[in-house]
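To start, the structure itself, in structure tokens.
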Amino acid sequence: MRDAVDLITEHWTIERPDVDVSPMAVIGRITRLSRVLEQDLKRFFAGHGLEFWEFDVLATLRRSGGSTGLTAGALNRAAMVTSGAITNRIDRLETKQLVRRCPSPGDRRSVLVQLTDEGRELVDRLLPLHMDNEQRLLATLGATERTQLADLLRTLAVALDDTALD
């Protein structure tokens, strides 16, 4: 079984036999798979009237915000986007009545973003469907292979200091 990265590394080995292109076998596959997975997830969420980023914000609020919600700053760190982008995202979700802004009881200068009942119901309805879709995407791998892959990717993430949500 061969994939596009096999062809790419073969070509480089022929053209530049003096350069070790073996890292490309990992990085190239992660990069290409990231694009393929992102496209599939976009299609999945579009089928439910959402952008992938919208579900990401809603799911972050659902799993981390509790009933109090999160500040825009906390959402910003979790989403790894600019403060302007998170403000725009909150605005768009507020327009769809999936989130609301509320004054923080502990700090009058701060605003909390909370899921509306509709937002919470949407996340709760879509999460099992999203997990079924991800199961489908990983169906080629057995349970042991998934565990091995997850462990290897975790090792790489930790080595590259990707250990915090913010």
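Key figures
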item: For Ser110: the one exception among (1) open to solvent by 70 Å² or more (accessible area, probe 1.4 Å); (2) among the hydroxyl-bearing types (Ser, Thr, Tyr); (3) not in a helix (DSSP H, G or I); result: (1)
item: Every residue from segment 34-57 that is surrounded by 13 or more Cβ atoms within 10 Å (Cβ to Cβ), of a type in the set (Asp, Glu) and in a helix (DSSP H, G or I); result: Asp40, Glu54, Asp56
item: Residue in segment 67-75 that is farther than 29 Å from Ala4 by Cβ, open to solvent by 60 Å² or more (accessible area, probe 1.4 Å), modelled with pLDDT under 95 and not in a helix (DSSP H, G or I) present; result: yes
item: Residue check, Asp20 surrounded by fewer than 11 Cβ atoms within 10 Å (Cβ to Cβ) and without any contact (Cβ under 8 Å) to a residue 60 or more places away in the chain; result: yes
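The values are calculated or read from the model by the stated rules, or taken from the named source; none is laboratory data. Note that the structure is predicted; figures quoted are calculated from it, not measured. Neighbour counts run over all protein chains shown; Cβ positions are idealised from the backbone, glycine included. We work out accessible area using only protein heavy atoms, side chains counted, and drop any ligands, DNA or RNA first. Shrake-Rupley method; radii C 1.70, N 1.55, O 1.52, S 1.80 Å.
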